[in-house]
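The block underneath contains the structure these notes are about, expressed in structure tokens.
The values are calculated or read from the model by the stated rules, or taken from the named source; none is laboratory data. Just so you know, these numbers come straight off a predicted model, no measurement behind them. So basically every Cβ, Gly included, is an ideal-geometry build from the backbone, and we count neighbours across all protein chains shown.
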Amino acid sequence: MVKVLVTGGAGFIGSHCVDSLLKRGDTVFAIDNFNDFYSKERKEANVRAHLEHECYGLAYGDCADRDFVRQCLDSFKPNKVLHLAARAGVQPSWKDPAEYMRSNVLATTILLDECEKQGIDKFVFASSSSVYGGNTKVPFSEEDRVDNQVSPYATTKRSCELIANTYAQKGMRIAGLRFFTVYGPRNRPDMAIYQFARNISEGKPIKVFGQGDEVRRDWTYVSDIVDGIMASLDNVHKFKCEMFNLGNCRPTPVMELVKLLEDNLGKKAVVERAPLPVGDVLQTYADTSKAKRLLGWEQKTPLEAGVKEFVNWFKTNG
Ligand SMILES: NC(=O)c1ccc[n+]([C@@H]2O[C@H](COP(=O)([O-])OP(=O)(O)OC[C@H]3O[C@@H](n4cnc5c(N)ncnc54)[C@H](O)[C@@H]3O)[C@@H](O)[C@H]2O)c1
């Protein structure tokens, strides 16, 4: 029996992963602190169906709390850990960088340390495309230098990669996944796609950064990300410590996304232009050849199809 401990299991990506793990017959123990970064009710809704499942357990608590983490690992005894809990979001990280350090770096360090002590050696965790920071060479490759992060959030994610690499020396088997702007049903409400959809629906202006099409994002559909996470959990025993890009390989101007939202919502956007804030990057663009080679993973969902799914969900749940 495969037993997976999922941190951040009530969040956007985490709850989709729990769906997939339970569906394929794994036993899941989720932990989440249900923090107030966005509404607790949304997170409770994300786990509602899981709670009905006999192969699912949930504990409320913080991954930076060593006693809590130790007890969870000790009582559940997972074969693998999927660590997705983190304070996410680039701009909010300027408001409370210390909380980002605590929730992301301290929590990851404690988890790695407790896993290593308890002999749980397979560890998959969420990094981010933001580690590429101010890099201008595209597409972004795992071979590129990543020492130029431009927000506290990005720095916390790079720090997690470094501490993970350090624990690999102790025999841990680790995969760190650099997600590129994930979107889909249960989307985090602080993210641009959600805010655009909400404001367009309500006839309120949306803020688009830059003057033309220079700001681009490699929007990646959540089920593709989940497939990449599952492939990582299945293959992590082969790695010492590897980082993987999981992205759509199609950097898209923000206005193209807005157009797709307008078409699916049947409403026109009122667009206000604003300068790119410090911490945001002009472009994200994944080279996913490593994930293809070592995980057998490829993105499948075109942006057009994914936005349609997102809007369908948004209309009833947004
Ligand atoms: N969504 C994206 O586009 C994206 C892109 C790159 C990386 N990521 C990373 O993927 C992971 C999941 O992101 P998401 O978009 O699902 O975010 P999310 O906020 O929806 O999910 C994170 C969950 O972790 C929980 N959490 C946060 N800190 C915790 C802590 N210290 N202890 C216990 N629980 C805690 C939150 O309550 C939340 O339910 C995060 O690590 C994030 O940094 C996301």
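On the basis of being part of a helix (DSSP H, G or I) and either out of contact with any helix residue (DSSP H, G or I) (no Cβ under 6 Å at 6 or more places or on another chain) or touching a residue at least 24 places away in the same chain (Cβ under 8 Å) (or both), does Asn187 make the cut? No. Screening Lys315, Lys267 for residues that are over 30 Å from Glu143 (Cβ atoms) and surrounded by fewer than 13 Cβ atoms within 10 Å (Cβ to Cβ) leaves exactly one candidate, Lys315. The C-beta contact set for region 75-95 (first residue of a type in the set (Phe, Trp, Tyr), second residue in a helix (DSSP H, G or I), distance under 9 angstrom, 6+ apart or interchain) comprises Trp94/Pro152; Trp94/Tyr153. Of the residues in region 195-203, at least one is surrounded by fewer than 20 Cβ atoms within 10 Å (Cβ to Cβ) and within 17 Å of Pro92 (Cα to Cα). Per the conditions (1) of a type in the set (A, V, I, L, M, F, W, C); (2) crowded, with 19+ Cβ neighbours inside 10 Å; (3) over 14 Å from Leu295 (Cβ atoms), the sole criterion not satisfied by Cys249 is (2). For Lys40, the stated conditions do not hold, so it cannot be described as more than 13 Å from the ligand (Cβ to nearest atom) and either out of contact with any helix residue (DSSP H, G or I) (no Cβ under 6 Å at 6 or more places or on another chain) or small (Gly, Ala, Ser) (or both). Quick one: how many residues across region 198-235 are assigned to a helix (DSSP H, G or I) and closer than 30 Å to Lys23 by Cα? The total comes to 14.
Here is the figure for region 1-29: residues that are surrounded by 24 or more Cβ atoms within 10 Å (Cβ to Cβ), more than 6 Å from the ligand (Cβ to nearest atom) and either assigned to a loop (DSSP other than H, G, I, E, B) or more than 19 Å from the chain's Cα centre (by Cα) (or both) total 1.
Contact annotation: residue pairs with Cβ atoms under 6 Å, 6 or more positions apart or on different chains, pairing a residue in region 195-214 that is modelled with pLDDT of 95 or more with a partner that is charged (D, E, K, R) and outside any strand (DSSP E or B), are Ile200/Lys267. Between Arg70, Arg66, Arg48, the distinction of being within 23 Å of Arg188 (Cα to Cα) and at pLDDT 95 or above belongs to Arg48 only. For region 151-166, filtered to residues that are farther than 17 Å from Arg87 by Cβ and surrounded by fewer than 22 Cβ atoms within 10 Å (Cβ to Cβ), the residue that is nearest to the ligand (Cβ to nearest atom) is Leu162. Looking across region 139-160, the residues that are more than 15 Å from Thr108 (Cβ to Cβ) and among the hydroxyl-bearing types (Ser, Thr, Tyr) come down to Ser141, Ser151. For Tyr60, the conditions (1) surrounded by fewer than 18 Cβ atoms within 10 Å (Cβ to Cβ); (2) more than 9 Å from the ligand (Cβ to nearest atom); (3) hydroxyl-bearing (Ser, Thr, Tyr) are fulfilled apart from (2).
Which members of region 204-226 meet the condition of being of a type in the set (Lys, Arg) and crowded, with 18+ Cβ neighbours inside 10 Å?
Within region 204-226, the subset of a type in the set (Lys, Arg) is 204, 207, 216-217.
Listed by number, the residues that qualify are Arg216, Arg217.
Scanning region 46-57 for residues that are away from the ligand (no atom under 15 Å from the Cβ) and over 18 Å from Lys3 (Cβ atoms) turns up Ala49, Glu52. Would you mind stating whether Asp32 is free of Cβ contacts under 8 Å to residues at least 60 places away in the same chain, of a type in the set (Asp, Glu) and more than 11 Å from the ligand (Cβ to nearest atom)? So Asp32 fails the test.
Working only within region 114-144, note down all residues that are among the hydrophobic types (A, V, I, L, M, F, W, C) and surrounded by fewer than 19 Cβ atoms within 10 Å (Cβ to Cβ). Passing the criteria: only Val138. Checked against (1) touching a strand residue (DSSP E or B) at 6+ places or on another chain (Cβ under 7 Å); (2) within 12 Å of the ligand (Cβ to nearest atom), Lys80 passes all but a single condition, namely (2).
Gly119 falls short on exactly one of the conditions (1) at negative phi; (2) more than 16 Å from the ligand (Cβ to nearest atom), and that condition is (1).
Among the residues making up region 167-225, a single one is touching a Cys at 6+ places or on another chain (Cβ under 6 Å) and away from the ligand (no atom under 16 Å from the Cβ): Ala168.
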